[in-house]
Amino acid sequence: MDAAKTIRNKLREIENELALIESLRMAAKTEGGRLSAFGRDLLKAAKVAGVKQAFMAKLLDITPGAVSQHYNKSR
């Protein structure tokens, strides 16, 4: 496989992954920017699974403090 084709394939993979992340972000937040029920459930599941708060903040494009509040609520 030539280099250009490999690069195009990798870029397509990255675009698909970015679309998935954007879909998660849209589902996790309301239009007003607050966490939706799905977003709160996602954070609860992430906590149980041991996912780091900083990762979830980046994934959902929210502050680490917001993630911390939700992680602490779901004890």
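Restricting to lysines 8 or more places apart or on different chains, can you count the pairs in the chain with Cα atoms under 24 Å from each other? Total qualifying Lys-Lys pairs in the chain comes to 13.
Report, in debye and to the nearest 20, how large the dipole of the chain comes out about its Cα centre when Lys and Arg carry +1 and Asp and Glu carry -1 on their Cβ. The partial results should precede the final answer.
On the way: 14 positive and 8 negative charges, 75 e Å.
Using only the charged Cβ atoms, the result is roughly 360 debye.
Viscosity 0.692 mPa s, temperature 37 °C: Stokes-Einstein D of the chain from its Kirkwood Cα radius, in µm² per second? In µm²/s, the coefficient is 241.
In the chain, with Lys and Arg counted as +1 and Asp and Glu as -1 at Cβ, which of these residues, VAL48, THR63, SER23, has the Cα nearest the positive end of the dipole, that is, farthest along it? Result: VAL48.
A short reminder: the numbers here are calculations on the coordinates, not readings from a lab. Please read these numbers as outputs of a predicted model, since none were measured by experiment. For neighbour counting, all protein chains shown are included, and Cβ atoms are generated from backbone atoms with ideal geometry for every residue, glycine included.
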